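One structure is given here, and the rest of the page talks about it.
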Ligand SMILES: Cc1cc2nc3c(=O)[nH]c(=O)nc-3n(C[C@H](O)[C@H](O)[C@H](O)COP(=O)(O)O)c2cc1C
């Protein structure tokens, strides 16, 4: 089984990226998608594909291939102004018209320094993925509040409950 994991943050010391990398550390089936910041801005004029061939920008073709080949797609998102980050929405816009994510089991994590854990971004991402994948594994999803108290400055998860929740998540997929 292949699991593709994507952090919605470009920050070098991102807590969401630390969560994704911890999942990879816990389970070698997890591949981390690193190309979020290099994807072109979505423009449907450049979204040039049929079911047989994809002549969209090469980084988009590669992103779609990675999503298509995965058995499960995990996304961990921060929350900015009660929304998912623009860079994450941009990446997901490239998947909208593609078959790559259709029926793909997807898992949503949100992590924020706030007490609410980015719950509004979490709900938005679930709603968005329900439209494009139609297969959100809600029982495996996770909202991580006050994440700065749970992950240290070396991006190590120090909170036992969070670590356990990540293991449970991996067991549920
Ligand atoms: C511009 C900005 C807006 C933010 N807005 C929210 C918000 O609406 N809700 C929330 O829970 N956290 C908010 N935060 C806190 C982020 O969720 C927090 O910094 C989180 O750690 C960022 O994710 P990362 O560590 O993966 O980069 C905001 C942070 C920034 C920089």
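The values are calculated or read from the model by the stated rules, or taken from the named source; none is laboratory data. Model, not experiment: these values are computed from the prediction. Here Cβ is always computed from backbone atoms with ideal geometry, including for glycine, and neighbour counts include all displayed protein chains.
A few points about this structure:
- Lone qualifier among 115, 81, 127 - being on the phi > 0 side of the Ramachandran plot and without any contact (Cβ under 8 Å) to a residue 60 or more places away in the chain: 81
- Some residue of the stretch 32-45 being more than 15 Å from residue 77 (Cβ to Cβ), within 16 Å of the ligand (Cβ to nearest atom) and buried (at least 17 other Cβ atoms within 10 Å of the Cβ): no
- Across the stretch 77-88, the qualifying residues are those that are in contact with a helix residue (DSSP H, G or I) (Cβ under 8 Å, 6 or more places away or on another chain) and more than 10 Å from the ligand (Cβ to nearest atom), and the one among them that is farthest from residue 49 (Cα to Cα) is 84.
- Pair list, Cβ < 9 Å and 6+ apart or interchain, from the stretch 58-76 residues that are free of Cβ contacts under 8 Å to residues at least 24 places away in the same chain to residues that are part of a loop (DSSP other than H, G, I, E, B): 61/55
- Qualifying residues in the stretch 1-31 (those that are in contact (Cβ under 8 Å) with a residue 40 or more places away in the chain and part of a strand (DSSP E or B)) - the one nearest to the ligand (Cβ to nearest atom): 7
- Residues in the stretch 134-161 that are out of contact with any helix residue (DSSP H, G or I) (no Cβ under 8 Å at 6 or more places or on another chain) and not in a loop (DSSP other than H, G, I, E, B): 149, 160, 161.
- Considering the conditions (1) exposed (fewer than 15 other Cβ atoms within 10 Å of the Cβ); (2) within 14 Å of the ligand (Cβ to nearest atom); (3) more than 18 Å from residue 14 (Cα to Cα), residue 102 is excluded by exactly one of them, (2).
- So residue 63, is it surrounded by fewer than 22 Cβ atoms within 10 Å (Cβ to Cβ), at pLDDT 95 or above and either over 11 Å from the mean Cα position of the chain (by Cα) or within 16 Å of the ligand (Cβ to nearest atom) (or both): no
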